[in-house]
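J.: Dumping the structure here so I can ask a few things about it.
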Amino acid sequence: MPYHEFECSKVIPERKQHAVIKGAGEDLTSCLPKGYLNTIPGTISERGCAYCGAKHVIGTPMKDVIHISHGPVGCTYDTWQTKRYISDNNNFQLKYTFATDVKEKHIVFGAEKVLKQNIIEAFKAFPEIKRMTIYQTCATALIGDDIEAVAQEVMDEMPEVDIFVCNSPGFAGPSQSGGHHKINIAWLNQKVGTLEPKITSDYVINYVGEYNIQGDQEVMLDYFHRMGIQVLSTFTGNSSYDDLRGMHRAHLNVLECARSAEYICDELRARYGIPRLDIDGFGFEALGNSLKKVGLFFGIEDRAQAIIDEETAKWKPQLDWYKERLRDKKVCLWPGGSKLWHWAHAIQAEMGVKVVSVYTKFGHQGDMEKGISRCGEGALAIDDPNELENQEAMRMLKPDVIFTGKRPGEVAKKMRVPYLNAHAYHNGPYKGFEGWVRFARDIYNAIYSPIYQLSGLDISKDEIAADKGFVTRRMLSDAGLSDEIKSSPILTEYTGKYDSVTDLRAKTYPEFERKTAASAAE
Amino acid sequence: MTCDVKVKDRVGTINPIFTCQPAGAQFASIGIKDCIGIVHGGQGCVMFVRLLISQHLKESFEIASSSVHEDGAVFGACGRVEEGIDVLLARYPNIRVIPIITTCSTEVIGDDVDGVVTKLEEGLLKEKYADRDIQLLAIHTPSFVGSMVTGYDVAVRDFVKKFAKKGEPNDKINLITGWVNPGDVKELKHLLAEMDIDATVLFEIESFDSPMMPDGSAVSHGNTTIEDLADTANAKATIALNRYEGGKAAQYLEKTFDIPTIIGPTPIGIRNTDSFLHNLKALTGKPIPPSLVRERGVALDALTDLTHMFLADKKVAIYGNPDLVIGLAEFCLDLEMKPVLLLLGDDNASYVDDPRIKALRDNVDYGMEIITNADFWDLENRIKNEGLKLDLILGHSKGRFISIDYDIPMVRVGFPTYDRAGLYRHPVVGYGGAIWLVEQMANALFTDMEHKKNKEWLLNVW
């Protein structure tokens with residue numbers, strides 16, 4: 001195995017098996033780091049906990065729900081307002097978070113009574129909301145509160161409300177991934193099949209593993225609606241609680257983030273016979289293929305092709321404008337879980353950049369398999385990275401840009417490496433054809449920021465160009481380009497609006513005639 | 001109409017104002033040089049707190065986790081701390097201090113982290129790191145007790161307790177700042193310099209307003225050293241600016257080393273800054289120099305431009321850390337404003353006995369509510385359902401949607417303030433802080449007048 005041993009990690013030999021450099025002719029049989037093992041304490045790993053994986057990543061994007069965490073306030077406070085999962089109901093789920101505020105006396109005497117009071121109070125404060133999710137935390141898991149029993153008691157007393165319980169304390173697993181699994185299965189066991197949805201199309205899907213970061217889900221729903229597909233639910237971005245109770249009636253589960261949500265798809269297949277189709281909303285080719293696959297499944301490829309043709313004609317020249325200017329720029333693709341493989345190939349093929357490193361905080365070996373196979377020779381892949389290894393990797397690889405989280409982005413800043421937020425995006429959405437151009441635009445803006453050029457200048461030693469009052473991005477990016485590209489009448493910079501999502505909410509779609517009266521009455 | 005102090009009348013929390021104790025201890029820990037704390041609990045207790053602090057400071061810094069997983073939760077996780085400390089020491093050759101910061105989970109399972117300290121001192125440190133001077137300490141911050149404010153208070157005390165050591169008198173004062181920003185530390189040091197007073201500042205976090213350097217080598221860290229902490233025992237006096245953030249450490253030094261001590265007032269506004277300077281003078285015998293008379297005059301000049309014309313009778317809600325909230329309320333009163341609602345986000349029973357709150361109760365002649373154990377619903381519900389009218393909100397970024405949704409101007413102040421640029425750089429304390437605050441408040445009101453077309457023409461001739 002071509003393991004890469006970091007200088008900084010020589011003292012923890014087991015770390016050696018968590019990083020590889022892909023050599024010439026190597027494939028996954030010879031080049032795959034270990035993954036999803038217990039974290040080595042004290043490494044300053046970037047992993048989160050199973051509570052946040054369940055509540056913060058998957059639960060909270062549901063939009064019409066009171067999300068209560070049963071524990072001290074910290075878990076709730078800390079995970080509140082740290083992501084960008086928007087919704088079309090004025091962002092209720094971003095704005096409101098609830099904690100049962102467990103204190104010492106509750107730890108000693110039990111917190112079930114205070115939980116019940118909390119539930120009633122919360123519904124009283126928001127009388128228009130009738131749905132609730134409750135998340136266990138470390139403290140209440142350890143004292144053994146029976147949250148399900150309390151929830152059932154309230155549901156018996158208040159028949160108009162419905163409550164979901166997720167038992168995924170922070171310590172349940174090596175990372176947030178443990179929480180993804182737990183909430184997938186809990187939702188399926190408790191809620192799927194408890195409400196019959198209204199079927200309005202011959203083509204019915206659940207869109208799974210999509211969290212509407214900066215509007216991703218709304219962009220993708222636009223395509224599905226243009227194809228005449230009914231999206232019963234999205235698991236979970238911008239989705240209604242009740243829509244997700246009717247997941248069992250879909251004809252197909254269209255899965256985006258397989259890392260966080262394949263479990264529910266696999267179980268829906270086993271229990272309800274619903275097939276799973278993995279798709280990818282990132283990148284023109286991958287997205288086009290995804291829409292075609294969905295179209296093929298239902299026999300409506302022509303509708304998919306029409307969208308692809310229209311969108312490609314509009315956005316491809318803009319994507320290519322950036323591609324010409326991003327060629328061979330070195331990227332560290334350092335996201336959380338699935339984006340290393342969603343993005344690795346697509347950004348290389350369609351934006352011309354070179355992925356010099358991938359890492360995953362909470363991905364499993366399967367994610368690494370996909371990610372590494374989509375990287376070129378020389379790429380450094382790191383599982384469960386830590387602070388010192390990241391710094392060493394950046395010094396070694398000298399990337400032009402890094403895609404990672406907010407705080408690691410601050411580390412990169414100090415090392416004069418521009419950063420884009422891989423989890424919450426800079427100016428997304430990044431899904432969809434237009435979104436992909438927005439991503440390219442953000443990368444371009446990061447790499448060619450005149451500030452990064454200035455920050456490398458040591459005014460005490462270096463020559464200062466005193467005759468320059470400014471430098472534009474174009475002056476930097478176009479210096480080596482041919483005149484043909486520079487003055488191309490076809491290629492243009494991004495022309496979309498600052499907010500590319502809100503307009504979609506008011507859009508209307510054509511009615512597609514249904515095939516049979518029988519299916520129409522379904 | 002008077003000032004009422006009440007406890008929130010609900011048991012639960014809708015949009016918390018504070019996070020829990022370990023976050024406060026973590027914030028304190030990054031003020032110390034060559035210190036990396038290890039938080040004993042689940043990984044989220046660190047990952048999110050680092051994110052929170054880095055959102056506020058727009059910087060990164062190191063805090064480790066013992067990464068307690070299921071087996072640790074069931075069988076005990078002291079081994080995780082031991083391993084974590086070894087890993088930290090092996091990889092960070094400059095580390096001198098490792099605080100072990102507990103959380104709810106590890107307090108519930110009863111891990112004996114004090115025992116871990118003793119065990120490692122006898123074992124690992126002697127065997128593997130004998131050539132280094134490594135100091136370990138346990139900081140108990142169960143999340144179900146107090147809040148981030150008490151966590152900070154406990155941690156500062158525990159650091160002082162661990163290191164303060166009687167030696168030669170150093171002729172310095174100890175200045176315990178409380179939970180402040182780099183800009184506040186800078187302002188406080190400026191005042192000390194003008195007074196020609198040498199001080200040990202807990203904590204030296206000014207350096208968190210750190211540069212990007214041409215060679216990419218800059219890192220952000222606190223600058224209070226173990227030696228500084230040791231020397232706190234030899235100071236001629238201690239001033240803790242905040243009663244609830246650092247007060248415990250000041251009391252410890254007073255009791256143990258018989259150091260003259262003044263706790264408070266938080267030097268927000270002219271009057272409290274005057275008191276701070278007065279206290280410095282009283283404790284050191286150093287006079288207040290003409291330069292500060294002039295500086296104070298500049299601040300008063302700025303305030304006078306704004307008070308009776310624009311600020312008088314403006315109704316304000318203030319939330320956040322208790323000393324900050326009280327200090328801001330006092331300043332607002334001096335500015336002729338009307339703080340009508342003060343929200344203190346934890347259940348500290350002693351707030352009601354705070355002399356500053358007593359003074360408010362004795363003297364406020366309009367309706368003012370002070371809510372303890374408060375959450376943001378205490379603010380929003382009053383606006384949404386109970387007819388509370390506000391002209392201004394003062395508080396941190398987690399309350400931003402109340403300002404946005406109810407169209408009430410807001411000045412971001414306190415921790416965290418991630419939704420406005422660079423606020424960590426500006427002081428709220430001292431005369432400089434008074435100027436900054438009053439002008440932020442005025443400009444927020446001006447922008448709101450224009451945004452709502454509410455006598456926006458007034459500013460034509462100001």
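The values are calculated or read from the model by the stated rules, or taken from the named source; none is laboratory data. Keep in mind that what you see is a predicted model, and the values were worked out from it rather than measured. Glycine gets a Cβ as well: all are built from the backbone with ideal geometry, and neighbour counts include every protein chain shown. Calculation scope for accessible area: heavy atoms of the full protein, side chains included, ligands and nucleic acids excluded. Shrake-Rupley method; radii C 1.70, N 1.55, O 1.52, S 1.80 Å.
J.: Go through segment A:40-53 residue by residue and turn each phi into a ³J(HN,Hα) via Karplus (6.51, -1.76, 1.60, θ = phi - 60°); whole Hz please, and just put x for glycine and proline.
T.: 7, x, x, 7, 6, 5, 9, 6, x, 10, 5, 5, 5, x
J.: Next up: What do you get for trypsin sites (Lys or Arg not before Pro) in segment B:261-333 restricted to DSSP loop and a cutoff of at most 10 other Cβ within 10 Å of the site's Cβ?
T.: When the trypsin sites (Lys or Arg not before Pro) of segment B:261-333 are filtered for loop state and at most 10 Cβ neighbours within 10 Å, nothing remains.
J.: Could I ask something else about it? Would you kindly state how much longer the chain becomes between A:A506 and A:A424 on full extension, computed as 0.36 nm times their sequence separation minus their alpha carbon distance, in nm to one decimal?
T.: Gain on stretching A:A506 to A:A424: 27.1 nm.
J.: Karplus couplings for segment A:95-104 from phi (6.51 cos²θ - 1.76 cosθ + 1.60, θ = phi - 60°), rounded to Hz, Gly and Pro as x?
T.: The phi angles translate into 8, 10, 9, 10, 10, 6, 6, 5, 10, 4 Hz.
J.: Express in whole angstrom the spacing between the alpha-carbon centres of segment A:271-312 and segment B:335-358.
T.: With segment A:271-312 and segment B:335-358 each reduced to a Cα centre, they are spaced 59 Å.
J.: What whole-number value in Å² describes the accessible area per residue of chain A for a 1.4 Å probe?
T.: 37
J.: Just to be sure I understand the model, the point goes 7 Å from the Cα along the line to the Cβ. What's the resulting A:L481 to B:D114 distance in nm?
T.: Distance between label points: 6.8 nm.
J.: Report, to one decimal in Å, the Kirkwood hydrodynamic radius for chain A based on all distinct Cα pairs.
T.: So the Kirkwood estimate lands at 24.5 Å.
J.: Using only Cα atoms, locate the centre of segment B:374-396 and the centre of segment B:142-158, then give the distance between them in Å, rounded to an integer.
T.: What the calculation gives is 27 Å, centre to centre.
J.: Please report, as a whole percent, how much of the solvent-accessible surface of segment B:173-287 comes from carbon and sulfur atoms (probe radius 1.4 Å).
T.: 49
J.: Taking 0.36 nm per residue of sequence separation and subtracting the Cα-Cα distance, how much length would be gained by fully extending the chain between B:D313 and B:K6, in nm to one decimal?
T.: 108.2 nm
J.: Then there's this: How long is the gain from B:F75 to B:D334 if the chain were fully straight, where each residue apart is worth 0.36 nm and the alpha carbon distance is subtracted?
T.: Net length gain for the segment: 87.5 nm.
J.: Could you tell me what percent of the DSSP beta bridges with both partners in chain B are antiparallel, to the nearest 5?
T.: Around 5 percent of the beta bridges assigned by DSSP in chain B are antiparallel ones.
J.: Can you list the residues of segment B:182-218 that have at least 40 square angstrom less accessible area with all protein chains present than in their chain by itself, probe 1.4 Å?
T.: The answer is B:M212, B:P214, B:G216 - residues whose exposure falls by at least 40 Å² when every protein chain is included.
J.: Moving on to the next point. Can you pull a Stokes-Einstein diffusion coefficient for segment A:49-97 at 10 °C (1.306 mPa s), Rh from Kirkwood over Cα pairs, as a whole number of µm²/s?
T.: Rounded, D is 146 µm²/s.
J.: Calculate how large, on average over all directions, the projected area of the Cα convex hull of chain B is; give the answer in nm² to one decimal.
T.: Answer in nm², one decimal: 24.1.
J.: If you don't mind, another one. Considering Cα pairs under 8 angstrom that are at least six residues apart, work out the relative contact order of segment A:204-308 and quote it in whole percent.
T.: It comes to 26 percent, rounded to a whole number.
J.: With the Cα gyration tensor of segment B:325-384 giving a ≥ b ≥ c as the square roots of its eigenvalues, does the rule (a/c under 1.5 for rounded; else a/b larger than b/c for prolate; else oblate) give rounded, prolate or oblate?
T.: In terms of gyration-tensor shape, oblate.
J.: Give the accessible surface of segment B:190-327 per residue, rounded to a whole number of Å², with probe radius 1.4 Å and ligands, DNA and RNA excluded.
T.: With the other protein chains kept in place, segment B:190-327 gives 39 Å² per residue.
J.: For chain B, find the longest principal axis of its Cα atoms and tell me its angle to the long axis of helix B:376-385, 0 to 90°, nearest 10.
T.: Roughly 30 degrees, rounded to the nearest 10.
J.: Between A:V11 and A:I464, what is the spin-label point distance in nm, taking each point 7 Å from the Cα along the Cα→C-beta axis?
T.: Spacing of the two 7 Å Cα→Cβ label points: 4.2 nm.
J.: Could you tell me how many degrees, from 0 to 90 and to the nearest 10, lie between the Cα long axis of helix B:44-57 and the main elongation axis, the longest principal axis, of the Cα atoms of chain B?
T.: The answer is roughly 50 degrees.
J.: For A:V208, enumerate residues with amide H under 5 Å from its amide H, sequence gap 5+ or separate chain, H modeled in the peptide plane.
T.: A:F235, A:V254, A:L255, A:E256
J.: Another question, if that's okay. Only bridges whose two residues both fall in segment A:204-308 count here: according to DSSP, what percent of them are antiparallel, nearest 5?
T.: 0
J.: Also, quick follow-up: How high is the relative contact order of segment B:108-189, given as a whole-number percent (alpha carbon pairs under 8 Å, six or more residues apart)?
T.: 23
J.: Rounded to the nearest 100 Å², what's the accessible area chains B and A bury against each other, both chains counted, probe 1.4 Å?
T.: 6200
J.: Okay, moving on. Determine, for segment B:22-176, the count of lysine pairs separated by eight or more sequence positions (or lying on different chains) whose alpha-carbon distance falls under 28 Å.
T.: The number of close lysine pairs in segment B:22-176 is 23.
J.: Could you work out how far apart the two model spin labels at B:K455 and A:Q305 are, taking each label as a point 7 Å from the Cα in the direction of the beta carbon, and quote it in nm?
T.: Each label point is offset 7 Å from its Cα along the Cβ direction, giving 6.8 nm.
J.: Cα axis of helix B:78-91 to longest principal axis of chain B: angle in degrees, 0 to 90, nearest 10?
T.: So the inclination is approximately 90 degrees.
J.: When a/c is below 1.5 the answer is rounded, else prolate if a/b is larger than b/c, else oblate, so apply that to segment A:50-190 with a ≥ b ≥ c taken from the square roots of the Cα gyration tensor eigenvalues.
T.: Rounded.
J.: Might you tell me the accessible area per residue for segment B:21-146, computed with a 1.4 Å probe and given in Å²?
T.: 29
J.: Which loop GluC sites (Glu not before Pro) in segment A:339-445, with loop taken from DSSP, have no more than 14 other Cβ atoms within 10 angstrom of their Cβ?
T.: Sparse-neighbourhood loop GluC sites (Glu not before Pro): A:E377.
J.: Which far-off residues, 5 or more places away or on another chain, put their amide H under 5 Å from the one on A:F98, with H placed in the peptide plane?
T.: A:H67, A:S69, B:N15
J.: Something else now. Is it possible to state the helix-based mean residue ellipticity at 222 nm for chain B, with each DSSP H run of 4+ residues giving -39500 (n - 2.57), the sum divided by total residues, to the nearest 500 deg cm²/dmol? What is it?
T.: -13000 deg cm²/dmol
J.: If you don't mind, another one. State the Cα centre-to-centre distance between segment A:41-107 and segment A:449-479 in whole Å.
T.: 43
J.: Could you tell me the relative contact order of chain A? Use alpha-carbon pairs under 8 Å, at least six residues apart, and round to a whole percent.
T.: Once divided by the residue count of chain A, the mean separation gives 16 percent.
J.: Among bridges DSSP assigns within chain A, what percent are antiparallel (round to 5)?
T.: 15
J.: Under the Karplus relation 6.51 cos²θ - 1.76 cosθ + 1.60, θ = phi - 60°, what is the ordered set of whole-Hz ³J(HN,Hα) values for segment B:166-176, x standing for Gly and Pro?
T.: These are the phi-based 3J(HN,Hα) values: 5, x, 6, x, 10, 6, 9, 10, 8, 10, 9 Hz.
J.: Take the alpha carbon gyration tensor of segment B:21-146, find the square roots of its eigenvalues, order them as a ≥ b ≥ c, and report rounded if a/c is under 1.5; if not, report prolate when a/b exceeds b/c, else oblate.
T.: oblate
J.: Let me ask something additional. DSSP loop GluC sites (Glu not before Pro) in segment B:357-462 with at most 13 other Cβ atoms within 10 Å of their Cβ, which ones?
T.: B:E386
J.: Which of the lysines could a cross-linker span from A:K130 if the Cα-Cα distance has to be under 21 Å and same-chain partners fewer than 8 positions apart are dropped?
T.: Excluding near neighbours in sequence, the set is A:K55, A:K63, A:K95, A:K113, A:K116, A:K191, A:K198, B:K384.
J.: Listed here are the pairs A:K105/B:K398; A:K16/A:K431; A:K34/A:K182; A:K16/A:K414; which of them are more than 24 Å apart at the Cα?
T.: Checking Cα-Cα distances, A:K105/B:K398; A:K16/A:K431; A:K16/A:K414 exceed 24 Å.
J.: Check B:V5: other-chain or 5+ apart residues with amide H under 5 Å from its amide H, H built from backbone geometry?
T.: B:I370
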